[in-house]
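Have a look at the structure below, then the notes.
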Amino acid sequence: MDSNASDTIPGPRTEDRLPHTTEAAAKIVIVGGFGVGKTTMVGSVSEIRPLTTEETMTQAGVGVDDDFGSASKTATTVAMDFGRIRITDQVVLYLFGTPGQERFWFLWNGLFEGALGAVVLVDTRRLEVSFEVMGRLEERGVPFVVGVNTFPDGPRYPLEDLRAALDLPPEIPIVECDVRRRASSRDVLMTLMRFLHSLTLTGSLT
Amino acid sequence: MTPPHRRRRHPGPPPPVPPSPPPSRAPAGDDPAGRAEREGEGRQPERLFVISGDGERVPLDLVTLIVARAEPPASATPEQTAVLRMCGAPLSVAEVSAYLRLPFSVVTVLVTDLLAAQLVQARAPIVRQQIPDRSLLEAVMHGLQRL
């Protein structure tokens, strides 16, 4: 909030205000394991300085994310970074980077509901940390593409080996990316949009 | 070297629908803690509903856009005044939450009260449909190209 430090009224900087003609917003969710680059990706494509929203989650014991019947509940605050891209004078796109602890992603009411789609970022050093979220997206019918964030010390697999390992059907795009670079992050989003567009031709999300 | 393998899953039954909105909302001044208590039994914070342009009730989303319709009245709380000031131009509920440094569910309560008092307008988000809106996707691609 440094840029707002002198302001007494919280809110966006003048240059970050959306035009009054903005009718509606859409959202995309970026998911992936801890340290895989979600926040970096949000920051590299956002037109505003990334912001953080938070939510208080009621948690029924460590590692259990569906059972709220337990008497031993604890409240945990979960933070999520997001950014924004103006698409037209009418439409704005928001990008949400999921919080680090996977068990909270699907507790956040409305995070995935309505999202146009998701980007699953994977790190080839820890591929398995993305398995669970991919399964959850499949179960919910949320379309997604996979971005392989390249780390210098990560193993390089041919994309077809990755496709086999991730058990992804041929139509789901897998792309390599370096999310520190705006152009690369943008290309991943373009891949998602082209994929969603292709679904309009097949007429199905499944 | 072979990467670890996973097995694909398939769409299951649809996730449970959010709880129906109560027939009449409690008046402004409800505190979120009390609400959570009534909701009871460990449910996540109640999803609050707004009337969309089509007259349907839709939940307040992270990206529902909020626009002030009036100057803050003298009776407004400091938080309400802050929301009305920052929503001179459209702003998502997520952004309001970020700038106020308040949890999303607290902000939805705040915004719902402002909606009930007709001090703000809510613009419902574009949501995923079974068959995606092609012209929207084309607009987004065009917008991304300019980045």
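Where a number appears in this text, it was derived from the coordinates with a stated rule and is not lab data. Here the structure is a predicted model, which is why all the values come from computation and not from measurement. When we count neighbours, we look across all protein chains shown, and the Cβ atoms used for this are built from the backbone with ideal geometry, even at glycine.
Here are the numbers for this structure:
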quantity: Computed E for B:Ala70/A:Glu128 - FRET, C-beta separation, R0 41 angstrom, nearest 0.05; calculated: 0.20
quantity: Relative contact order, percent, chain A [alpha-carbon distance under 8 Å, six or more residues apart]; calculated: 22 percent
quantity: Stokes-Einstein translational diffusion, chain A - Kirkwood Rh over all Cα pairs, 0.692 mPa s, 37 °C, in µm²/s; calculated: 179 µm²/s
quantity: Mean separation of Cα contacts under 8 Å, 6 or more apart, over the residue count of the stretch B:65-131: relative contact order %; calculated: 44 percent
quantity: √(5λ) per eigenvalue of the Cα gyration tensor, the stretch B:64-126, largest first, Å; calculated: 16, 13, 10
quantity: Exercise: per-residue mean of other protein chain Cβ atoms within 10 Å, A:84-90; calculated: 4
quantity: FRET efficiency estimate (nearest 0.05) - Cβ-Cβ, A:Ala79 to B:Arg146, R0 30 angstrom; calculated: 0.50
quantity: Least to most buried among A:Phe195, A:Phe82, A:Phe112, A:Phe34 (fewest other Cβ within 10 Å first); calculated: A:Phe34, A:Phe195, A:Phe112, A:Phe82
quantity: Two-site FRET efficiency, A:Thr21 against B:Arg9, from Cβ-Cβ distance with R₀ of 35 Å, rounded to 0.05; calculated: 0.30
quantity: Highest-MSF residue in chain A out of A:Leu95, A:Leu121, A:Leu166 [GNM, Cα springs under 10 Å]; calculated: A:Leu166
quantity: Length gained when the stretch A:Val175-A:Phe151 is fully extended (0.36 nm per residue, less Cα-Cα span); calculated: 7.3 nm
quantity: Under the span-like rule (Cα at least 27 Å along the axis, Kyte-Doolittle mean at least 1.0), DSSP H helices of chain A; calculated: none
quantity: Inter-chain Cβ neighbour average for residues A:23-31, partner chain, 10 Å; calculated: 6
quantity: Shielding by partners - mean other protein chain Cβ count within 10 Å, residues of A:91-99; calculated: 3
quantity: Point-to-point label distance, A:Arg49-A:His197, nm (Cα→Cβ direction, 7 Å offset); calculated: 3.4 nm
quantity: Gaussian network model of chain A, springs between alpha carbon atoms under 10 Å - residue of A:Thr52, A:Thr39, A:Thr74 with greatest fluctuation; calculated: A:Thr74
